[in-house]
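Asker: Sharing a structure here in structure tokens format.
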Amino acid sequence: MSPEELVYLGILGASIPVGFLFRYLSPPVKQGAALLLGLIISIATCGIHTLHSFFTVLGTWLIIKINWRSAPALSLGWTFLYLLFFRLVTWFGLPQPTPFANAIQLLLTLKMVSLANEVQSFYLEKKKEVSAFTKSPVVGGLSHEPSLYDIISYSYCYVGIMTGPFFRYQTYADWLQQSSPLSLPGKEPCLQRLKMVPVYGVLFMAVNFVFPLSYVRTEEFLENNYFYRFFYMVAIFFVFRMRFYSAWCGAEAGCISAGLGCYPQGALSKPGGGPTVKYSPDPDTAVEYDFKTVQNIDCYNTDFCVKVRHGMRYWNMTVQWWLHHYIYPNAPFRAYALRAGWTMLISAYWHGLHAGYYLSFLTIPLCIAAESAMEASVRARLGPKGQNIFDWIHWFLKMRAYDCMCMGFVLLKASDTVNYWSSIYFIIHIIAIVCIGIGQMMKGGKKRERRDGAEGEKQDVVREKAE
């Protein structure tokens, strides 16, 4: 493990027992203590680079104060432009930010854009209430505009400050105002989330030792046979998954121990977004709670869901919610594949400027188009047994597609990514293009069959009349 990974591990490990202590604090003390602890973590790991996140927060606050109506678009532009400056600071003679500063900046970008949208919704609903003389039915809306202190406290809250998960300002405000946090579940769901972390950690270190990523960049790697080169990406993606499974399960445990994101099950909470319905518990029935709001990974479904599009849904779930609500609806396209492509482009930019991100993320729309074409033209014509076989093949190809895309994500450079993909003859891309072609041909054949059938019916009607 690298020194940076050890620091992340230490922060994650310490945040879990600390979280239980926060349950004993009153709202004002909890807010101040969470802010202080977050600032200590930020300054200790980022030093002077903490100013980048502070300027981002300050700029977003000014945008909201000056023009709340356009705050969502302006905050998106401001935070994403600052991300560009943050990644190119060395061009301006400034020191390179630490990896920890990058992690904080990424999550802060999501928070600031979400906050601007929440404040806009608050004022729009307030105007509706005034004109209609009725209380807004919106679920999870703000009760007041956050002050600068509130925004800074939310931005630097120690919970998930580097590792996530992302959570909205309203989730943070609900956490501060919990009436009886000590009565909320904590120990059991925390242990439940942590029970597989040792397994993931051991698998990560073992497989990473046997299949180091650095070997892919060597000339010796290319001398291996095709099947070994192909299998190597399977091992690399396995290491990648185990690493993030460990980190995100640990980060979720940190939220759970503090009680952040704890809502009644009846609220039907969504990862990242929080409650989706207003829930009024029956006084005679015990209330059951969950932490769906801060769930960032569904390990089982990530591995065993069938479709590429579903694989995204179960991975980095809180960020996927953010993309789905703030980027996907505003895409300048109508077709699903193109909208997905636009969303993946924005996601790649958010992750960084390395070409490998863009090569990987922009492969996703190609795979989605391929699976959609085959589902419509092939799977729809099969019986139950045939569909079952189709789904297993689909799952296998989905996993290989993510194996392939992972290589671009970890190799980062365009040359390294293309060199590896060429070493396996771009097999995943070719399969996707062939599937799209088959889908189009079978779609055309289906149209001809319908047209020929319609013409045949017309001829039969003409003959019957003639007779």
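The values are calculated or read from the model by the stated rules, or taken from the named source; none is laboratory data. What you see is a predicted model, and the numbers here were worked out from it, not measured in a lab. Cβ placement follows ideal geometry from the backbone for every residue including glycine, while neighbour counts extend to all protein chains displayed. In case anyone asks, the SASA skips ligands and DNA or RNA and just uses the protein heavy atoms, side chains included. Shrake-Rupley method; radii C 1.70, N 1.55, O 1.52, S 1.80 Å.
Asker: Below 21 Å Cα-Cα, how many Lys pairs turn up in the stretch 44-148? Only count pairs eight or more apart in sequence, or on different chains, if you could.
Answerer: Here the count comes out as 6.
Asker: Using the Cα centre of the chain as origin and beta-carbon charges of +1 (Lys, Arg) and -1 (Asp, Glu), tell me which of Ala355, Leu37, Cys190 is placed farthest towards the positive end of the dipole.
Answerer: Ala355
Asker: Here's something else I'd like to know. Taking θ as phi - 60°, what are the ³J(HN,Hα) couplings along the stretch 173-185 by the Karplus curve (6.51, -1.76, 1.60), each to the nearest whole Hz, with x for Gly and Pro?
Answerer: 5, 4, 4, 5, 9, 4, 6, 9, x, 5, 8, 7, x
Asker: Going from most exposed to least, what order do Val378, Val277 have by accessible area with a 1.4 Å probe?
Answerer: Correct descending sequence by accessible area is Val277, Val378.
Asker: Rounded to the nearest 20 debye, what is the charge dipole size of the chain about its Cα centre when +1 sits on each Lys and Arg Cβ and -1 on each Asp and Glu Cβ?
Answerer: Details: 41 positive and 31 negative charges, 174 e Å.
Result for the chain is approximately 840 debye, rounded to the nearest 20.
Asker: How long is the gain from Lys187 to Tyr425 if the chain were fully straight, where each residue apart is worth 0.36 nm and the alpha carbon distance is subtracted? Don't jump to the answer; show the numbers that get you there.
Answerer: Working: separation 238, 0.36 × 238 = 85.68 nm, distance 4.98 nm.
Between Lys187 and Tyr425, full extension yields an extra 80.7 nm.
Asker: How big is D for the chain, in µm² s⁻¹ as a whole number, if Stokes-Einstein is applied with the Kirkwood radius of its Cα pairs at 20 °C and 1.002 mPa s?
Answerer: Values: Rh = 24.7 Å.
Approximately 87 µm²/s, per Stokes-Einstein.
Asker: Okay, moving on. So, taking all protein chains as they sit and a 1.4 Å probe, how much accessible area belongs to His52, in Å² rounded to tens?
Answerer: 20 Å²
Asker: Next question, about the same structure. Compute the angle between helix 3-22 and the longest alpha-carbon principal axis of the chain, please, reported from 0 to 90 degrees and rounded to the nearest 10.
Answerer: The answer is roughly 60 degrees.
Asker: So what's the net charge close to Met205: Lys and Arg +1, Asp and Glu -1, counting the other residues with Cβ under 11 Å from its Cβ?
Answerer: Combined, the nearby Lys, Arg, Asp and Glu give 0.
Asker: A follow-up question, please. Ratio to report: Rg/Rh of the stretch 164-313, with Cα atoms as the point set and Rh obtained by the Kirkwood method; give two decimals.
Answerer: A ratio of 1.12.
Asker: Within a Cβ distance under 10 Å of Ser269, other residues only, what is the Lys/Arg minus Asp/Glu net charge? Write down the numbers at each step before the final one.
Answerer: Details: positive: Lys270, Lys292; negative: Asp290.
Its environment carries a net charge of +1.
Asker: Mind checking the per residue accessible area of the stretch 1-125 for me, 1.4 Å probe, whole number of Å²?
Answerer: Result: 46 Å² per residue.
Asker: Separate question: If I ignore ligands, DNA and RNA and count only protein heavy atoms, how much of Leu106 is accessible to a 1.4 Å probe, in Å² to the nearest 10?
Answerer: 20 Å²
Asker: Then there is this: How high is the relative contact order of the chain, in percent, with contacts defined as C-alpha pairs under 8 Å that are six or more residues apart?
Answerer: So the answer I get is 15 percent.
Asker: If you don't mind, there's one more thing I want to ask. Please determine, in degrees from 0 to 90 and to the nearest 10, the orientation of helix 197-210 with respect to the longest principal axis defined by the Cα atoms of the chain, where the helix direction is its Cα long axis.
Answerer: Its long axis makes an angle of about 60 degrees.
Asker: Right, another one. Taking only Cα atoms, what is the 0 to 90° angle, nearest 10, from helix 27-46's long axis to the longest principal axis of the chain?
Answerer: Result, in degrees: 70.
Asker: log₁₀ I(q)/I(0) of the stretch 285-349 at q = 0.17, 0.27 Å⁻¹, via Debye over equal Cα point scatterers, no solvent, to two decimals?
Answerer: -0.67, -1.17
Asker: Lys and Arg at +1, Asp and Glu at -1: add these up for the other residues within a Cβ distance under 12 Å of Ile427 and post the number.
Answerer: +1
Asker: A further question follows. Over the stretch 229-308, what relative contact order in percent results from Cα pairs under 8 Å that are six or more residues apart?
Answerer: Computed value for the stretch 229-308: 29 percent relative contact order.
Asker: Rounded to a whole number, what % of the accessible area of the chain do carbon and sulfur atoms account for, probe 1.4 Å?
Answerer: That fraction is 66 percent.
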